[in-house]
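J.: Have a look at the structure that comes next, please.
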Amino acid sequence: MADQVLFARQNGVPVLKFTGDIRFTVCPAVDGFLKRLFVEKTEYPVVVDLTETTSVDSTALGVIAKVANHYHREMKMKPALLASPGDVLKVIKSMSFDRVFTVMCEAGVHGSFEELQPVQPEEQDMVKLIISAHKTLMNLSRENKAKFENVISVLEQQAEEKKQDAGT
C-alpha cells in the first residue's frame, strides 16, 4: 500500500482517502487542497477515509481536524471519518476525533481517485503549518491541550529563534 493522499467525488460527496503511513510531509498538499475545497460551497461535507492508513502523525491529524472545524463552522455538521479497527482508530479516538467527526468503522470508499501531488513549501511555511495543525489538535479537548501545549510552546520558541538567527 503506497503512502499517499487521494481525492474523489462519490455521488457528489467529496472523499479524502489516506493510504499507508501518513506523515507531516503530505500536509502542505492536503492543507492547500482543503483551502481550495473549502472555497466551494458543497452540499455535503468531506468524508475522510482512513481505512487504508497504517499510521498517522500528529501534524497530519491536526490538518485532518481542520476538516471537522470547517464543516462545523460552515454547515453545523460533523463530517464522517471512516477507520478500520486497530491502531489508527485508537489514535483518532485518543485525540478526541469522535467529538468532531462521526467516526465509523466501515469499509473504505472505492472508486476512481486522483492522488494529491506533493508540495515543497518554504521552511517557514512548513513550520507555520506544523504549529497550526498542533493548535487545531490542542483545541479539540482539554486532554489534547495538556498533550500539546508544551509541544506548541517548543515549536514556537524554535521558530522564533530560527527567525532571529536568519535576521542576523
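J.: Sort out which residues of segment 10-30 are in contact with a Ser or Thr (Cβ under 9 Å, 6 or more places away or on another chain) and over 20 Å from VAL119 (Cα atoms), and write them in order of number.
T.: GLY12, VAL13, PRO14
J.: Read through the list (1) over 20 Å from ASN139 (Cα atoms); (2) surrounded by 19 or more Cβ atoms within 10 Å (Cβ to Cβ); (3) under 13 Å from the mean Cα position of the chain (by Cα), then give the number of the only condition that PRO45 fails.
T.: (3)
J.: Between residues in segment 144-168 that are closer than 16 Å to GLY62 by Cα and residues that are surrounded by fewer than 10 Cβ atoms within 10 Å (Cβ to Cβ) and at pLDDT below 85, which pairs lie under 7 Å by C-beta distance while being six or more apart or on different chains?
T.: Cβ pairs passing all conditions: none.
J.: Output the number of the condition that LEU129 fails; it satisfies all remaining conditions of (1) farther than 13 Å from ILE64 by Cα; (2) in contact with a helix residue (DSSP H, G or I) (Cβ under 9 Å, 6 or more places away or on another chain).
T.: (1)
J.: Additional query: Looking at segment 45-57, which of its residues are over 15 Å from THR102 (Cα atoms) and either without any contact (Cβ under 8 Å) to a residue 40 or more places away in the chain or in a helix (DSSP H, G or I) (or both)?
T.: THR53, SER55, VAL56, ASP57
J.: If you don't mind, another one. Among the residues of segment 38-48, is any closer than 30 Å to GLN124 by Cβ, modelled with pLDDT under 95, of a type in the set (A, V, I, L, M, F, W, C) and out of contact with any helix residue (DSSP H, G or I) (no Cβ under 9 Å at 6 or more places or on another chain)?
T.: yes
J.: Follow-up. Could you list all residues from segment 73-110 that are surrounded by fewer than 17 Cβ atoms within 10 Å (Cβ to Cβ), over 22 Å from GLN10 (Cβ atoms) and not charged (D, E, K, R)?
T.: Passing the criteria: PRO85, GLY86, SER94.
J.: For ASN144, indicate whether it is within 18 Å of ALA65 (Cβ to Cβ), modelled with pLDDT of 90 or more and surrounded by 20 or more Cβ atoms within 10 Å (Cβ to Cβ).
T.: Criteria met by ASN144.
J.: Only one residue in ALA133, ALA60, ALA107 is assigned to a loop (DSSP other than H, G, I, E, B), out of contact with any Pro (no Cβ under 8 Å at 6 or more places or on another chain) and in contact (Cβ under 8 Å) with a residue 12 or more places away in the chain, so which one is that?
T.: ALA107
J.: Taking segment 5-27, which residues are touching a residue at least 24 places away in the same chain (Cβ under 8 Å) and of a type in the set (S, T, N, Q)?
T.: GLN10, THR19, THR25
J.: If I ask for residues that are basic (Lys, Arg) and part of a loop (DSSP other than H, G, I, E, B), which ones from segment 10-44 would you list?
T.: ARG23, LYS41 - these are the residues of segment 10-44 that are basic (Lys, Arg) and part of a loop (DSSP other than H, G, I, E, B).
J.: From the residues in segment 63-79 that are of a type in the set (Lys, Arg) and either in contact (Cβ under 8 Å) with a residue 12 or more places away in the chain or touching a helix residue (DSSP H, G or I) at 6+ places or on another chain (Cβ under 8 Å) (or both), which one is farthest from VAL47 (Cα to Cα)?
T.: Selected residue: LYS66.
The values are calculated or read from the model by the stated rules, or taken from the named source; none is laboratory data. Small disclaimer: the values here were computed from a predicted structure and weren't measured. Positions of Cβ are generated from backbone atoms using ideal geometry, with glycine treated the same way; all protein chains shown enter the neighbour counts.
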